[in-house]
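Chemist: Got a structure for you, written out below as structure tokens; questions coming shortly.
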Amino acid sequence: MRVVIAGAGSVGRSIARELLRNGHHVLLVDRDADGERVSKVPDASWLQADACEIEALSEAGLAECDVVVAATGDDKVNLVLSLLAKTEFGVPRTVARVNNPKNEWMFDEAWGVDVAVSTPRLMTALVEEAVSVGDLVRIFEFQQGRAMMVEMTLPVGSPYAGTRVGDVPFPGDTVLTGIIRDGSPIAPTRDDALEPLDELLFVTTPEAEAELESLLSPGERTRREDDDDG
């Protein structure tokens, strides 16, 4: 897979190292691609350029790449790059870094963003996931299709503890994708039974989120919208 990463700060370089370790071809684009930065990821290709300029993106070969990662520290740059990657070069997949959570609402398909990664949101989700039982925690959101991955630790008092997966009336557009039990992942089948304190991973939609939480953990908490309103 050929990946172009805009922004060679600590985030961009870390992504590049992981992709290179997994055998992918990586080009880093940065206005400050000096010798010091290049030496930190010597196995990557480098281009010293402005990632918002069409000529620079053409030189980077965006039309032939599989994924563009907008990883700069400037949300405006990440949005413009994602939009250009989609509209001008037809890049199949764009991943954009969200620096300011207040800007997260803009990182959608209208700006050419397939996946938006917000570090504050991810850290919040990990904190909530680590301490909550019976609460539905958003782990990841897919911009296209308005789908998201959520997690719940099934409470002991859940009405569906001990129930076969195939007998649980999950909301529409909701798929149980995994169960983590005693630290081990399980690919659920219809005949697997849910057990108290199972970590359940779902792909669902915002519209089904509240119904799913109420189904598995009735009375455990108020609606998420009420919490957001303070």
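Throughout, read-outs are computed from the coordinates displayed, never taken from laboratory work. Model, not experiment: these values are computed from the prediction. Cβ atoms come from the backbone with ideal geometry, glycine included; neighbour counts cover every protein chain shown.
Chemist: Would you list, by chain and number, the lysines whose Cα falls below 16 Å from the Cα of Lys102, excluding same-chain residues fewer than 8 positions away?
Modeler: Partners within reach: Lys76.
Chemist: Next question, about the same structure. Sorted by packing (mean other beta-carbon atoms within 10 Å per residue), highest first, where do 71-82, 154-165 land?
Modeler: Values: 71-82: 22.0, 154-165: 15.4.
In descending order of packing, they fall as 71-82, 154-165.
Chemist: Rounded, prolate or oblate for region 1-128? Axes are the square roots of the Cα gyration tensor eigenvalues, ordered a ≥ b ≥ c, and the cut-off for rounded is a/c under 1.5. Present the calculation step by step, with values, prior to reporting the outcome.
Modeler: Values: a/c = 1.61, a/b = 1.20, b/c = 1.34.
Because a/c hits 1.5 or more and a/b fails to exceed b/c, region 1-128 counts as oblate.
Chemist: Let's test the formula: R0 of 25 Å, r as the Cβ-Cβ distance of Asp50 and Trp105. What FRET efficiency results, to the nearest 0.05? Let's see the in-between values first.
Modeler: Values: r = 26 Å, r/R0 = 1.04.
About 0.45, to the nearest 0.05.
Chemist: On to the next question. Taking 0.36 nm per intervening residue step and subtracting the Cα-Cα distance, what contour gain separates Asp191 from Ser58 on full extension? Mind dumping the intermediate values first?
Modeler: Working: separation 133, 0.36 × 133 = 47.88 nm, distance 5.24 nm.
The Asp191-Ser58 span can extend by a further 42.6 nm.
Chemist: Looking at the chain, send over the antiparallel percent of its DSSP beta bridges, to the nearest 5. Display every interim value, and only then the final one.
Modeler: Numbers: 20 of 41 bridges.
Expressed as a percentage, antiparallel bridges in the chain total about 50.
Chemist: Within the set of other residues whose C-beta is less than 12 Å from the C-beta of Val203, count the net charge using Lys and Arg as +1 and Asp and Glu as -1.
Modeler: Values: positive: Arg138, Arg146; negative: Glu141, Glu151, Asp173, Glu209.
Value of the local net charge: -2.
Chemist: When the Debye formula is applied to the Cα atoms of the chain, each taken as the same point scatterer, what base-10 log of I(q)/I(0) results at q = 0.11, 0.13, 0.16, 0.18 Å⁻¹?
Modeler: For the chain, the Cα-only Debye profile gives -0.66, -0.84, -1.05, -1.18.
Chemist: Roughly how tilted is helix 206-216, in degrees to the nearest 10 and between 0 and 90, from the longest Cα axis of the chain?
Modeler: For 206-216 against the chain, the angle is about 30 degrees.
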